[in-house]
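The values are calculated or read from the model by the stated rules, or taken from the named source; none is laboratory data. Being a predicted model, the structure only gives us computed values, none of them experimental. In this analysis, Cβ positions are derived from the backbone assuming ideal geometry, glycine residues included, and neighbour counts consider all displayed protein chains. Please note that ligands, DNA and RNA were not included when accessible areas were found on the heavy atoms of the full protein model with its side chains. Shrake-Rupley method; radii C 1.70, N 1.55, O 1.52, S 1.80 Å.
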Amino acid sequence: MNSLYRTMLFVPGNNPKKIISAEVYGADCIIYDLEDSVSVFEKDSARILVKYAMQYNRPNCRVGIRINQSDTPYFKDDVKCMVPLCPDFLRLPKTECAEDIINLDNLITELEKEHGISEGTIKIVASIENALGVINSYKIASASHRMLAIGLGAEDFRTEMGMERSETAEEILFARNLIALNAHAAGIKAMDYVYSNIKNDEGFRKDTMLGKKLGYSGKSVVHPQQVAIVHEVYTPSDKEIENAKAVFAAYEDALKNGSGVTSLNGKMIDKPMVTRAMSVLSFAKAAGMEV
């Protein structure tokens, strides 16, 4: 199992067929959804279905559970049912403030102790879906040692802000940028938002490339055909790997000669460039590529 989170593929928790088939699409992580894709009449049955899927048909990849938000009657039942199954993380929707994370953290800690699970095993991913959450995104990202990632819930954010959705997503650029910035400031992952137009592969690719430029480490997806595109964008190309190797080798030679700065093909190489090169090589290795 690789350590990457290039893709988090949402799977409706009330759909047995999709739960069974989800793994074949090769996402780095599958998120069983107990929230938006499940009607209020099927919350209990979805929770039970996901429980049995985790017990008897757990996929060979990272697994997260999107629980219902903390002010709903389903929240505690979701957490109490899912924690004993040891998912990699719980994804909390509509996170507005640090207290939302702290309360979830405390509940998870209580349940880990109750079920003999090492404290801190289960991480938290926060979806930020309104203006208050965006403003508080650094406090959210740094609220707990369990924090794995934060990301923007774009559709709910647009609705609250009265924004009209565009294919270029220019209307959410500031929020998207701020969330990525605050994730990095807190030392956690930035997970890019769901691009909902599943028929526009070209637009999706451009949007994914922009997310990478903004500092995101991966993207949430709702359709299997989006997985391969995200992996292609986020996985280093052969050219990038060879360049990273050359940068690293040139820097090592410089150190042997007592210098911290050198050049490659007429361009200066210093420590920040070496750090980026090491990141490329590490990412490629995690993706199973020859390095």
Given Pro73, Pro59, which one is closer than 23 Å to Ile229 by Cα and out of contact with any Phe, Trp or Tyr (no Cβ under 7 Å at 6 or more places or on another chain)? Pro59
Output the residues belonging to the stretch 225-254 that are outside any helix (DSSP H, G or I) and open to solvent by 40 Å² or more (accessible area, probe 1.4 Å). Ser237
Take the stretch 10-33 and flag every residue that is closer than 17 Å to Ile198 by Cβ, open to solvent by less than 30 Å² (accessible area, probe 1.4 Å) and assigned to a helix (DSSP H, G or I). Ala22
Residues in the stretch 187-224 that are part of a loop (DSSP other than H, G, I, E, B) and not small (Gly, Ala, Ser): how many? 13
How many residues does the stretch 174-184 contain that are closer than 16 Å to Arg146 by Cα and open to solvent by 70 Å² or more (accessible area, probe 1.4 Å)? 1
The listed residue being open to solvent by 30 Å² or more (accessible area, probe 1.4 Å), within 20 Å of the chain's Cα centre (by Cα) and either more than 23 Å from Thr159 (Cα to Cα) or not basic (Lys, Arg) (or both), out of Gln69, Gln55: Gln69
